[in-house]
Amino acid sequence: MSDYIAPLKDMLFVLRELAGLDAVAALPGHEEVSIELAGAILEEAGRFAGKVLSPLNPVGDRHGARWQEGDVVTAPGWREAYAQFVAGGWNALSCPVRHGGQGLPRTISALVEEMWNGANVSFALCPMLTRGAIEALELCGTEAQKALYLPRMVSGQWTGTMNLTEPQAGSDLAAVRTRALPRPDGSYRLHGQKIFITYGEHDLAENIVHLVLARTPDAPDGVKGLSLFVVPKFLLDADGRPGTRNDVRCASLEHKLGIHGSPTAVLTFGDREGAVGWMAGEKNRGLEYMFIMMNAARYSVGLEGVGLAERATQRAADYARTRIQGVEAGARSRDKVAIVRHPDVRRMLLQMKSRTEAMRALATVVAAAMDTAERHPDAGQRRQSQSFVDLMIPVVKGWCTENAVEVASLGVQVHGGMGFIEEAGAAQHLRDARIMPIYEGTTGIQANDLVGRKVALDGGQAMSRLIDRMRDTERLLAQGGDETLAALARRLHEGIAALSRATAFVVATQASDAPRVAAGAVPFLHLCGLVAGGWQMARAALAAHRHLREDAQDTRFYRAKLATARFYADHVLTGAPGLAETVVDGADGVLAIEDEAF
């Protein structure tokens, strides 16, 4: 069974040509960043991903995390790999320097994170959630809390979790019931149960810092009554070291379809006297703070989709190149050939490859906008970049994860019957991918956020700015003087027209008939991702065409870029007009049927 190989060449291409690493390096605080530094980091991360994390992926799937009387034991090799991960400084890559992090741009760390997910998504979930907890505490924690927790979380010595939902609540956080009772010393005692807590209990780190949504006795009903609390697994002694076990217990682990190496815990708070916690930020603003962590997590879940799609594509391509079966269509020879020679297998592989490259490009461009929004000296540029990030976060999360499921499913299909056999490895990717469109808010939740808050609320202005940028690319394609670029221009033009039409419908209809918009919200999200991905593939084609015209180095890579972009335009981007039809005219098919008919 093959191990993951980091797609370094494509990652560096995306950094140079699409994400604009030079512009990121010009931002205050990133002056030491260069393509050479990025290359060195990515190469070393790729080595760790391929040699350390990837071999543990099937081990975690077969062995899983085990519950033992409230404790959780991770799969063999997990603890040693995490120790290496922390010792290598990987947990601190993009964390704030003031708390011991390396302060690297998100543009670079996003690609490293993709590698962890491609090699072993179950392992990658632990540092992903820790980073989200770091961001939440950085924003709303007291100075004492930051000093106490952040250096240890940044290093990876301690990990972090996000405790939102409960058995009766699901995605409806207004139904959260966990109680936080104040004590005279300023702390609180928490009582309640949380479910679906990723890495809520494990043996990798010496402490776990739980960020928990709960209600104080005087809290108003609904989401406005939720506060955020810091609840460590171990209470700290006078020197800030883990001491007494807090009243937080892992009641069980969920038995899941996939990601078996990642412990998904049911946590009970306050089985005895109550779990000791401290409020972070202001009372009743917990959901607002938690959304900071959730927004970071949503983007990272999108990266999970990119990484897993890359891994599924690699495995399918390896199999297709070596599996000898059938004769080549139209060939005179009756010799058996590798199945990569069969047109339908090539079509499936190109679906996988082109979607993965489009996802990577879009996610990295969004990461560069995050860096710009945080550090650009011009306030107007910061606002515009943040507007783009806000618009694209639900797209990166929703579209990339839905694509990952489709890509992984195609990977099983490429393997044929062997894909359904666990030993081939393709089935694990499909099982692991299936949670991603559900994590941190389902695709429907992302889509409703996109149409309601990110498009309709500002009258479509952010989307209009994005469409203008897409049209600039279309014009460059049309002026390229090349048949392939001209074909890409035509397809992109059709995609932009479809996105414009659907956006106009959302803006015009949301206030007066929200159910009609909601009925097409997920198709609208897919349309946004599909066209934004096509925009990035078009930009990649322009860069590849320029390199082929100007120099003769690595011509195979650039020819493949052009061919992959052409495939995406002809086989993926062509779906845009149909999605727009569904958004604009498809509501009756959803809303007319009576409930009893289901």
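The values are calculated or read from the model by the stated rules, or taken from the named source; none is laboratory data. Since this is a predicted model, take the numbers as computed values, not measurements. Here the Cβ positions follow ideal geometry from the backbone for every residue, glycine too, while neighbour counts run over all protein chains shown. Accessible surface areas use protein heavy atoms only, side chains included; no ligands, DNA or RNA. Shrake-Rupley method; radii C 1.70, N 1.55, O 1.52, S 1.80 Å.
For region 28-171, what mean projected area does the convex hull of the alpha carbons give, in nm²?
Its average projected convex-hull area is 10.8 nm².
Considering the options Asn295, Ala576, Met463, tell which one lies farthest towards the positive end of the dipole of the chain, charges being +1 on Lys and Arg and -1 on Asp and Glu at the Cβ, about the Cα centre.
So the residue furthest toward the plus end is Ala576.
In nm, what is the difference between 0.36 nm times the number of residues separating Glu550 and Ala486 and their Cα-Cα distance?
Fully extending the segment from Glu550 to Ala486 adds 21.1 nm.
Using a 1.4 angstrom probe and counting only protein chains, how large is the accessible area of Ile593 in Å², to 10?
About 80 Å², ignoring ligands and nucleic acids.
Treat region 457-503 as a sphere of radius equal to its Kirkwood radius over Cα pairs and apply Stokes-Einstein at 37 °C in a medium of 0.692 mPa s; give the translational diffusion coefficient in µm²/s, rounded to a whole number.
Using the Kirkwood radius from Cα pairs, D works out to 295 µm²/s.
Explain nothing, just the number: dipole magnitude of region 176-327 about its Cα centre with +1 on each Lys and Arg Cβ and -1 on each Asp and Glu Cβ, in debye rounded to the nearest 20.
420
Where the eigenvalues come from the Cα gyration tensor of region 550-598, what are the semi-axes √(5λ) of the equivalent ellipsoid, largest first, in whole Å?
So the three semi-axes of region 550-598 are 45, 10, 6 Å.
Could you tell me the accessible area of Glu17 in Å² (1.4 Å probe, neighbours in place), rounded to the nearest ten?
40
Quick check on region 131-202: take the gyration tensor over C-alpha atoms, sort the square-rooted eigenvalues as a ≥ b ≥ c, and tell me if it's rounded (a/c under 1.5), prolate or oblate.
The shape class here is oblate.
So what's the net charge close to Pro105: Lys and Arg +1, Asp and Glu -1, counting the other residues with Cβ under 13 Å from its Cβ?
-4
Report Rg (one decimal) and Dmax (nearest whole number) for region 135-268, counting Cα atoms only, units Å.
Rg then Dmax for region 135-268, in Å: 14.9, 45.
What's the magnitude of the charge dipole for region 78-193 around its Cα centre, counting Lys and Arg as +1 and Asp and Glu as -1 at the beta-carbon? Answer in Debye, nearest 20.
Roughly 300 debye for region 78-193.
For the chain, what is the Kirkwood hydrodynamic radius in Å, using each pair of distinct C-alpha atoms?
Final number for the Kirkwood radius of the chain is 25.0 Å.
What does the charge add up to near Gln510, with Lys and Arg as +1, Asp and Glu as -1, over the other residues with Cβ less than 14 Å from its Cβ?
Summing Lys/Arg as +1 and Asp/Glu as -1 gives 0.
Which net charge results when you count Lys and Arg as +1 and Asp and Glu as -1 among the other residues whose beta-carbon is under 14 Å from that of Val583?
-2
Cα gyration tensor of region 42-95, axes a ≥ b ≥ c as square roots of the eigenvalues: rounded (a/c below 1.5), prolate (a/b > b/c) or oblate?
Oblate shape, in that a/c is at least 1.5 and b/c is the bigger or equal ratio.
Sorting Arg66, Arg183, Arg332 by accessible area (1.4 Å probe), largest first, what list results?
Sorted descending by solvent-accessible area, the residues read Arg332, Arg66, Arg183.
Could you give the C-alpha radius of gyration of region 259-367 expressed as a fraction of 2.2 N^0.38 Å, taking N as the number of residues it contains?
Ratio of Rg to 2.2 N^0.38 Å for region 259-367: 1.84.
How much of the DSSP bridge set in the chain is antiparallel, in percent, rounded to the nearest 5?
Looking only at bridges with both residues in the chain, the antiparallel portion is about 80 percent.
Please state the charge dipole magnitude for region 416-507, taken about the Cα centre, from unit charges on C-beta atoms (+1 on K and R, -1 on D and E), reported in debye and rounded to the nearest 20.
Dipole size: approximately 380 debye.
With point charges of +1 on the Cβ of Lys and Arg and -1 on the Cβ of Asp and Glu, referenced to the Cα centre of region 105-227, which listed residue (Thr165, Ser155, His202) lies farthest in the positive direction of the dipole?
Positive-most Cα among the choices belongs to Thr165.
Sorted by accessible area (1.4 Å probe), largest first, how do Arg62, Arg559 line up?
Arg62, Arg559
Where the centroid of each part is defined by its Cα atoms, how far is region 169-210 from region 276-325 in Å?
The distance from the Cα centre of region 169-210 to that of region 276-325 comes to 22 Å.
Considering Cα pairs under 8 angstrom that are at least six residues apart, work out the relative contact order of the chain and quote it in whole percent.
13
Note down the relative contact order for region 355-487 as a percent, whole number, built from C-alpha pairs under 8 angstrom at least six residues apart.
About 20 percent, as a whole number.
List the residue ranges in the chain for DSSP H helices whose C-alpha atoms run 30 angstrom or more along the long axis and whose Kyte-Doolittle average is -0.5 or above.
Result, helices passing both filters: 106-140, 286-322, 343-375, 379-415, 483-509, 521-550.
For region 350-439, rounded, prolate or oblate, judged on the Cα gyration tensor with a ≥ b ≥ c (square roots of eigenvalues), a/c < 1.5 rounded, else prolate if a/b > b/c?
Cα axes put region 350-439 in the prolate bin.
What value, in deg cm²/dmol to 500, does the helix sum -39500 (n - 2.57) over DSSP H runs of n ≥ 4 give at 222 nm once divided by the residues of the chain?
One gets -18500 deg cm²/dmol as the mean residue ellipticity at 222 nm.
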